[in-house]
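Below: the structure, in structure tokens.
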Amino acid sequence: AKELAKKLAFKKGRAYALKNIGLGYYMQGNYLQVLKNWQQSLNIFEELNDHQGVANIVNNLGAIYYNMGEDAKAIEYYQLALDKDQRQAKVWIGMGISQEHTDQLKDALRSYRIAARFGNINARLQDFSDKRISQLVKVIN
């Protein structure tokens, strides 16, 4: 798909192909290849001014950096995703987790509260967010 999209000069198709190749590497745990492919995908989405594509990729990059234990970098990418669309509850949760890992507890509490307010998440994530809010309120106060 990547080569066909390149041959046809179908940039959006190439961006999605790179995203999917990255997903395959993600399933294998090969995060360096994920980063390589998703960064290329991001560059194309940015070139096309595809805000939805950019938001999706930067959120995914945040998750990869989180999985790699690079929470400060994850926060940067989660913030980029939120700059594109503040209503992404799952991104707020990812942000909260990484903020907790970097001892930004008040910021994490704020992130979980925002995620809970949007409520566009499944029951498991809502329960997780509610529990983190309860725990952080006890720790901070």
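The values are calculated or read from the model by the stated rules, or taken from the named source; none is laboratory data. These numbers were taken from a predicted model, which means no experiment stands behind them. Here Cβ is always computed from backbone atoms with ideal geometry, including for glycine, and neighbour counts include all displayed protein chains. Just so you know, the surface numbers come from the protein's heavy atoms only, side chains and all, with ligands and any DNA or RNA stripped out. Shrake-Rupley method; radii C 1.70, N 1.55, O 1.52, S 1.80 Å.
Of the peptides 79-86, 56-63, 35-42, how do they stack up when ordered by the mean number of other Cβ atoms within 10 Å, highest first?
In descending order of packing, they fall as 56-63, 35-42, 79-86.
When only C-alpha pairs under 8 Å and at least 6 residues apart count, what is the relative contact order of the chain, in percent? Intermediate values should be presented prior to the final figure.
On the way: 171 pairs, mean separation 19.6, N = 141.
Averaging sequence separation for qualifying contacts and normalising by length gives 14 percent for the chain.
Between ASN120 and ASN67, what is 0.36 nm times their sequence separation minus the Cα-Cα distance? Round to one decimal in nm.
Length gained between ASN120 and ASN67: 16.7 nm.
Which value in deg cm²/dmol, rounded to the nearest 500, describes the helix-derived mean residue ellipticity at 222 nm for the chain, given -39,500 (n - 2.57) per DSSP H run of n ≥ 4 and division by the residue count?
-27000 deg cm²/dmol
On a 0 to 90 degree scale, rounded to 10, what angle separates helix 71-84 from the longest Cα axis of the chain?
70
On a 22 Å Cα-Cα criterion, which of the cross-link pairs LYS11/LYS73; LYS106/LYS131; LYS73/LYS131; LYS19/LYS90 come out too long?
Where the Cα-Cα span goes over 22 Å, the pairs concerned are LYS11/LYS73; LYS73/LYS131.
Quick check for you: with a 1.4 Å probe and neighbouring chains kept, what is the accessible area per residue of the range 28-141, in Å²?
Working: 6190 Å² over 114 residues.
That works out to 54 Å² for each residue.
Take the solvent-accessible surface of the protein heavy atoms, probe 1.4 Å, and return the percent of it on the range 18-125 that carbon and sulfur atoms account for.
The value for the range 18-125 is 47 percent carbon and sulfur by accessible area.
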